[in-house]
Amino acid sequence: MIVIDTEYQDLATPSGPMRTHLVRPAAPGKYPGIILFSEIFQVTAPIRRTALQLAGHGYVVAVPEVYHEYEPLGSVLAYDQAGSDRGNALKTTKPVKQYDDDARVVLDYLASREDCSGKLGVMGICMGGHLAFRAAMNPQVRGAVCFYATDIHKGGLGEGMHDDSMARAGEIKGELLMVWGRQDPHIPTEGRMKVLNRLNEVETRLNWHEVNGAHAFLRDEGVRYDPDLARSMFGLALDLFHRTLAVG
């Protein structure tokens, strides 16, 4: 049994302090580090439970608050219409450069921790999947997992909604796992195929999985949760991190 410790650090970024929630094994030692990027709702209870699962397999997990410039530190948006409206509005208010700056700050912080081995990975869900995709462009990222990453296919992240994620996809050098729900209206078939074709074009070290699930099938709260799909796809994520961080 692994005992888990939790804490948070307010990290300095170019756009202000960013609360970053940390979950790690309590036992002394050095563990690989993973950034977990949340949905638009920030660090909700399902995101915390996902972080706990990762940490329980022997990782130091850092979960940054993605909207720290706009919401008081520690804020969580509700899984309701008001929370969705606020999260979606902020998604295209925050400049892409600030998302990228945040990722580099957390990567550097994890690498500096005495309990981190220096082997780093990223994982993200929904908008966080897109943020993990971009964070994987940093050369120190050995493995990346993106669950139903929104807006990559249409370049819709950030202020002005004209991100360059597709153009920069060739910068991802670590192993990549992309997981999609075929019944997800946010990323239609043509959008998924556009991403797949681009990743094949740049010869990404790619694992690609489409399942018969809705958007947010991983979230263990709400009507779209699919526990069987969540278990199997989370297992693939653990396999990738074991290969690339714990062993490789």
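One table, with the values for the structure above:
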{"read-out": "Kirkwood-based shape ratio for the chain, expressed as Rg/Rh from alpha carbons", "value": "0.93"}
{"read-out": "Förster-model FRET efficiency, 25 Å R0, residue 81 and residue 101, C-beta, rounded to 0.05", "value": "0.25"}
{"read-out": "Selected from 165, 148, 179, residue furthest toward positive end of dipole (the stretch 118-202; charges at beta carbon)", "value": "179"}
{"read-out": "Volume per residue that the Cα convex hull of the stretch 104-175 spans, once the total is divided by residue count, Å³", "value": "81"}
{"read-out": "Most to least accessible of 166, 161, 127 (protein chains only, probe 1.4 Å)", "value": "161, 166, 127"}
{"read-out": "Relative contact order of the stretch 109-200, pairs being alpha-carbon contacts under 8 Å that are 6 or more residues apart, as %", "value": "25"}
{"read-out": "Amide H within-cut-off set for residue 118, under 5 Å, with H built and near neighbours excluded", "value": "33"}
{"read-out": "Choice from 196, 110, 131 with maximal GNM fluctuation in the chain (Cα, 10 Å cutoff)", "value": "196"}
{"read-out": "Cα-projected label distance for residue 70 with residue 159, points at 7 Å along beta-carbon direction, nm", "value": "1.2"}
{"read-out": "Nearest-20 debye value, the chain charge dipole, Cβ charges on Lys, Arg, Asp, Glu", "value": "480"}
{"read-out": "Relative contact order of the chain, pairs being alpha-carbon contacts under 8 Å that are 6 or more residues apart, as %", "value": "16"}
{"read-out": "Positive-end residue, the chain charge dipole about Cα centroid, Cβ charges, pick of 138, 247, 26", "value": "247"}
{"read-out": "Pairwise Cα inverse-distance average, inverted: Kirkwood Rh of the stretch 26-68 (Å)", "value": "10.9"}
{"read-out": "Calculated FRET value between residue 247 and residue 167, using beta carbons and R₀ = 35 Å, to 0.05", "value": "0.60"}
{"read-out": "Solvent-accessible surface ranking, highest first, for 80, 101 at 1.4 angstrom", "value": "80, 101"}
{"read-out": "The stretch 67-122: chymotrypsin sites (Phe, Trp or Tyr not before Pro) falling in loop per DSSP and having at most 15 other Cβ within 10 Å", "value": "70"}
{"read-out": "Reciprocal of mean inverse Cα separation for the stretch 44-96 (Kirkwood radius, Å)", "value": "12.6"}
{"read-out": "The chain, helix-only ellipticity at 222 nm - DSSP H runs n ≥ 4, -39,500 (n - 2.57), divided by all residues, nearest 500", "value": "-10000 deg cm²/dmol"}
{"read-out": "Accessible area of the chain divided out per residue, in Å², using a probe of 1.4 angstrom", "value": "42"}
{"read-out": "Once the Cα gyration tensor of the stretch 115-233 is diagonalised, semi-axes √(5λ) in Å", "value": "22, 18, 13"}
{"read-out": "Pairs from 119/173; 91/173; 154/194 whose Cα-Cα separation, in the structure shown, is over 18 Å", "value": "91/173"}
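The values are calculated or read from the model by the stated rules, or taken from the named source; none is laboratory data. Since this is a predicted model, take the numbers as computed values, not measurements. Heads up, the Cβs are rebuilt from the backbone with ideal geometry, glycines too, and the neighbour counts pull from every protein chain shown. The accessibility values were calculated without ligands, DNA or RNA, using every heavy atom of the protein model including side chains. Shrake-Rupley method; radii C 1.70, N 1.55, O 1.52, S 1.80 Å.
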